[in-house]
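Below is one structure, written out as structure tokens, with a few remarks after it.
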Amino acid sequence: MNQTVSIQKRPPAQGTDRTTIVLLAALVVLLVAGPLLPRWAMFMLNVSLSWGTVVLGMLLLMRTGLVSFGQGLYYCLGAYAAGALHHFYGIADIMVMLLASLALAAAVAAVLGLLLAKYRSIFFAMLSLAFSMILFGLLVKTSALGSTDGFGLSAKTLAGITLGERWERYALFATTVVVAFCAAFGVHRYLSSHQGRLAGAIRDNELRVEYMGASVRRVIHVNYVIAASLAGIGGGLVGISIGHVDPEMAFWTTSGEFVFIAILSGTGSVLAPFLGATIFESVRSFAYEYSPNTWQLILGVTMLLVIMFLPGGLWSVFTRRKAA
Amino acid sequence: MNQFLAIVIDGIIYSSWLFIIAVGLTLIYGVMKILNVAHGSLYALGAYAATAFGGYWLAQGHPPMGSYGMLVLAAVFVGLIAGPLIERGLLRLVYGKEEVVLVLVTYAVFLILEDLTKLAFGVDPLSIPEPYGLLGSFEVGELMYPTYSLVLVVLSLLVAVGLALILNRTRQGKILQAVIHDREMSAAMGINVGRVYLVTFTVGVMLAALGGALTAPTISVQPGIAAEVIVLAFAVVVIGGLGSLGGAALGAVIVGMVRAWAVHKWPEVELFSVYAVMALVLIVRPQGLFAAPEARKI
Amino acid sequence: MAVVLEAKDLNKNFGAVTAAANINVQIGRDSVVGLIGSNGAGKTTFINMVTGYLKPTSGSIRYLERDITGLSPRQITRLGICRSFQIPQLFGNLSVYENLQVGVGVAARSARAKASATAEEWEEIETLIERFNLGGYRTHTAGLLPEGTRKLLDIAMAVAGKPQLLLLDEPTSGVSADEKFRLMDMVMSALKVQGVTVLFVEHDMEIVSRYTHRILAFYEGRIIADGEPEAVLRDAEVRRYVIGEHAPMHQDDGATNHG
């Protein structure tokens, strides 16, 4: 095989790369186009971007070689944290609610991460599943939090500014867009840092990473907390935009859907989860409408096809074309 | 004292049920190293098939006692159809991939079977209560129990003893243990590993379906039961140690007793307690209570 | 002679099997030391103990006058002891460049340098690529490289950690006979620039005698000879038990099973 060798005679450029440019463009377009969008489209994009944020965390874990069947734990915690502020204290500020989502998810992950950082493969999947099912089990029996029904919530202000009927929707949308942008940009930068690069190294060979003087457990712990924080914020955003939270958010099938989107998207780029989540949400809303009993069938078949024929996920279609 | 007795008896009944729904999962993992998420769907298929078979039998006016035979027949039927179909049609193509990828593959099968079940049996709850009521009930002190539960306990004991005997006393069992121990070596020694996998998977599916078929008379069979059962089965096999038959039995007893205790003493933690035990065992002894040592790498 | 590494009364047992017995040795700065012995003689066990993969049953290991017995591989690496592996331990899905990038990055990070890529770091990677003659493979996936190149990359990654003491476990195993010397020339000249103390395990006596100042001969967990290459290779016990002139029967104890 005669592969052409790309000669890198200069240090890699430090400036803005293609991903950053796409991210910035998406940020501007979405913020500007937002007010023009019909209500249903805005809602769908809202949920897609929020789910994309959750799946972005999955991407980070999968880059590290870990598949979590329990991200629903943090998704649900984030949603309940935002909801509880409104429900119990009457706080209805988007910023404050999201901060609570982030803080609760990060705090719980910091503790559980100490344990989970020791686990790999199916044991990581199982233990993360057990933790999310514990939360599910607790919530369905907690009448103060509405048991199986959950409870409603809504946001009225953004950073203290009262929004009024007309801008409420857009403010939430804009917040979601900005949060998704920051998350994607942050993770993108993180992945090209020393610590971030260790993710792929750990996936390939933990022993060597330790023999280079880096702590595998510490990196996994940090990545786990980041992933959980993203899931928490995503949960908070979804809770606010749907206006309702319930224990189903912690049930393992919710985590399973995140896994699905992550596999569908691929881990090639931080843009992939958002693309995957948007496709997922659009297909889901049409499928619910026209053929509610074949939705999971579509998911399952798609998943098998991706695993067998497109192991890099949808994103690898783009990179393949670029290389050709 | 009465309450203690009630907890123990409930625990025994629940443990038996858990063992039946989980044993196929641990068998498949032990031999094939596949953590089969679709196990729950096969349980559900068994339950649905039981309502269809049993319902047909009773509607034809045959003797009601025969409906028990129909439950078992339903499980065998599901096993013989779905087992080879999934193993030959799909799993065969993905052997050798990482364990976690195999989890994803079976998760996809779970999703597919969820909807296929809905398409075949509809979304309305079905039931087949006759076998449950037919045997009446028995008393322990002041406590009343349906005799059907006793049948479940006896059946799960039979399954446990039967599997243990097959594994340890028969030639097929020895072959199975050889494959569990070292797949490549077994293949080199002339064991038809492909056939062992096919049979193991089919038996595993049959056991899942049997769990569903035997449960069908006691519940209303509807969408969603697969997702609930699979996580319970996970808890059971993880606690005992994945792939270990004895582990599944131990896990079933632990989960069964903990839940029975919770139901009587502290109903709020009923669901929570099961997963708390699962997490606890994973934390203290990640390989499950029946552990195996790790090999050196360099 | 400034002592870099000192092992005192080092013992390692795996159950009833003795993998290291009463090892006492001092390694001076800037020396190149060869470890010889048949399979199961205890060479890799020794390296595994020095680098923290195995904990000695008894005895102590001192590095630059500091007790490192029982420290983890990570802690030991951070102190300046790096190693390569008999079976190359690479990041199989990453490119050669990325493999080195990780190595250089970790070393920079533990030296409390900047958290992201710098021109300096790039220079370092390029230097390694040049010294180990990996230029033609920069963008190749590490997992798909030919064996000799994998070995080179594995060693280059150990060197990326800027070690003061470098342990190479069978650097030429799996490399074809005519390439062995080319590989060792390359490794040794790369290391000379860095001023590193090197310990390496080797089966090929020609290589050992060509590149080392000193040889430690292992047999059944003990060091049976220690000294200048010519002297050790002439030693009767070494000729008998290591070089195998009388092809003695010895048990493969399995405990130092390579790979």
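The values are calculated or read from the model by the stated rules, or taken from the named source; none is laboratory data. Bear in mind the structure is a predicted one, so any value in this text is a computation, not a measurement. So basically every Cβ, Gly included, is an ideal-geometry build from the backbone, and we count neighbours across all protein chains shown.
With the range A:181-287 as the region, which helices (runs of 4 or more DSSP H) entirely inside it contain at least 1 residues that are under 15 Å from the mean Cα position of the chain (by Cα) and in contact (Cβ under 8 Å) with a residue 60 or more places away in the chain?
On the way: elements: A:194-204, A:206-210, A:216-242, A:252-265.
Correct list: A:216-242, A:252-265.
Read through the list (1) crowded, with 16+ Cβ neighbours inside 10 Å; (2) of a type in the set (S, T, N, Q); (3) under 18 Å from the mean Cα position of the chain (by Cα); (4) within 14 Å of chain A (Cβ to nearest Cβ), then give the number of the only condition that residue C:45 fails.
Among (1) crowded, with 16+ Cβ neighbours inside 10 Å; (2) of a type in the set (S, T, N, Q); (3) under 18 Å from the mean Cα position of the chain (by Cα); (4) within 14 Å of chain A (Cβ to nearest Cβ), the lone unmet condition for residue C:45 is (4).
Which of the following residues is of a type in the set (S, T, N, Q) and either away from chain B (no Cβ under 12 Å) or in contact (Cβ under 8 Å) with a residue 24 or more places away in the chain (or both): A:142, A:176?
Working: A:142 fails: either away from chain B (no Cβ under 12 Å) or in contact (Cβ under 8 Å) with a residue 24 or more places away in the chain (or both).
Matching residue, one of A:142, A:176: A:176.
All but one of (1) touching a His at 6+ places or on another chain (Cβ under 7 Å); (2) outside the structural domain of residue C:205 (by TED's automatic domain parsing) hold for residue C:39; state the number of the condition that does not hold.
Failing condition for residue C:39: (2).
Filter the range C:1-29 for residues that are surrounded by 15 or more Cβ atoms within 10 Å (Cβ to Cβ) and acidic (Asp, Glu) and give the result.
Listed by number, the list holds a single entry, C:6.
Consider residue A:194 against the criteria (1) modelled with pLDDT of 90 or more; (2) surrounded by 20 or more Cβ atoms within 10 Å (Cβ to Cβ); (3) within 14 Å of chain C (Cβ to nearest Cβ): it satisfies all of them except one. Which criterion is unmet?
Checking residue A:194 against (1) modelled with pLDDT of 90 or more; (2) surrounded by 20 or more Cβ atoms within 10 Å (Cβ to Cβ); (3) within 14 Å of chain C (Cβ to nearest Cβ), the one that fails is (1).
Of all residues in the range C:48-77, which are away from chain A (no Cβ under 14 Å) and among the small types (Gly, Ala, Ser)?
The answer is C:58, C:59, C:60, C:70.
Between residues in the range B:140-164 that are aromatic (Phe, Trp, Tyr) and surrounded by 14 or more Cβ atoms within 10 Å (Cβ to Cβ) and residues that are part of a strand (DSSP E or B) and modelled with pLDDT under 90, which pairs lie under 8 Å by C-beta distance while being six or more apart or on different chains?
What qualifies is B:145/B:137; B:145/B:138; B:145/B:139.
Of the residues A:186, A:236, A:160, only one is out of contact with any Pro (no Cβ under 7 Å at 6 or more places or on another chain), under 23 Å from residue A:103 (Cβ atoms) and buried (at least 22 other Cβ atoms within 10 Å of the Cβ); which? Spell out the reasoning first.
Values: A:186 fails: buried (at least 22 other Cβ atoms within 10 Å of the Cβ); A:160 fails: buried (at least 22 other Cβ atoms within 10 Å of the Cβ).
Only one candidate qualifies: A:236.
Determine if the range C:107-115 includes at least one residue that is out of contact with any helix residue (DSSP H, G or I) (no Cβ under 9 Å at 6 or more places or on another chain) and either of a type in the set (Asp, Glu) or surrounded by fewer than 20 Cβ atoms within 10 Å (Cβ to Cβ) (or both).
Going residue by residue through the range C:107-115, those that are out of contact with any helix residue (DSSP H, G or I) (no Cβ under 9 Å at 6 or more places or on another chain) are C:111-112.
Checking which are either of a type in the set (Asp, Glu) or surrounded by fewer than 20 Cβ atoms within 10 Å (Cβ to Cβ) (or both) leaves us with C:111-112.
Yes.
Sort out which residues of the range C:165-189 are within 15 Å of the chain's Cα centre (by Cα) and either within 13 Å of chain A (Cβ to nearest Cβ) or hydrophobic (A, V, I, L, M, F, W, C) (or both), and write them in order of number.
Initial filter on the range C:165-189 (within 15 Å of the chain's Cα centre (by Cα)): C:165-173, C:183-184, C:187-188.
Scanning the range C:165-189 gives C:165, C:166, C:167, C:168, C:169, C:183, C:184, C:187, C:188.
Run residue C:98 past the list (1) closer than 23 Å to residue C:47 by Cα; (2) of a type in the set (D, E, K, R); (3) outside the structural domain of residue C:46 (by TED's automatic domain parsing) and report the number of the one that doesn't hold.
If we test residue C:98 against (1) closer than 23 Å to residue C:47 by Cα; (2) of a type in the set (D, E, K, R); (3) outside the structural domain of residue C:46 (by TED's automatic domain parsing), just (1) comes out false.
Keeping to the range B:48-100, report how many residues are assigned to a loop (DSSP other than H, G, I, E, B) and within 14 Å of chain A (Cβ to nearest Cβ). Walk me through it before giving the result.
At the first step, the residues of the range B:48-100 found to be assigned to a loop (DSSP other than H, G, I, E, B) are B:60-65, B:95-98.
Now drop any that are not within 14 Å of chain A (Cβ to nearest Cβ), which leaves B:95-98.
Qualifying residue count for the region: 4.
If you go through the range C:74-86 one residue at a time, do you hit one that is free of Cβ contacts under 8 Å to residues at least 24 places away in the same chain, more than 22 Å from residue C:159 (Cα to Cα) and either part of a loop (DSSP other than H, G, I, E, B) or in contact with a Gly (Cβ under 9 Å, 6 or more places away or on another chain) (or both)? Steps first, please.
Filtering the range C:74-86 for residues free of Cβ contacts under 8 Å to residues at least 24 places away in the same chain gives C:74-75, C:79.
Checking which are more than 22 Å from residue C:159 (Cα to Cα) leaves us with none.
No.
Here's the yes/no breakdown for (1) at pLDDT 90 or above; (2) under 28 Å from residue C:120 (Cβ atoms):
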residue	(1), (2)
C:17	no, no
C:33	yes, no
C:82	yes, yes
C:85	yes, yes
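Residue B:6 versus (1) out of contact with any Phe, Trp or Tyr (no Cβ under 8 Å at 6 or more places or on another chain); (2) crowded, with 20+ Cβ neighbours inside 10 Å; (3) closer than 30 Å to residue B:260 by Cα: which is the lone unmet condition?
The failed condition is (2).
Yes/no matrix, rows are residues, columns are (1) within 18 Å of residue C:75 (Cα to Cα); (2) not small (Gly, Ala, Ser):
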{"residue": "A:203", "(1), (2)": "no, yes"}
{"residue": "A:207", "(1), (2)": "yes, yes"}
{"residue": "A:222", "(1), (2)": "no, yes"}
{"residue": "A:234", "(1), (2)": "no, no"}
{"residue": "A:240", "(1), (2)": "no, yes"}
{"residue": "A:249", "(1), (2)": "no, yes"}
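Looking at the structure I just gave you, is residue C:210 part of a helix (DSSP H, G or I), surrounded by fewer than 17 Cβ atoms within 10 Å (Cβ to Cβ) and not polar (S, T, N, Q)? Steps first, answer last, please.
Numbers: part of a helix (DSSP H, G or I): yes; surrounded by fewer than 17 Cβ atoms within 10 Å (Cβ to Cβ): yes; not polar (S, T, N, Q): yes.
When the stated conditions are applied, residue C:210 passes them.
Give me a count of the residues in the range C:153-193 that are modelled with pLDDT of 85 or more and either among the aromatic types (Phe, Trp, Tyr) or out of contact with any helix residue (DSSP H, G or I) (no Cβ under 7 Å at 6 or more places or on another chain) (or both).
Result for the range C:153-193: 8.
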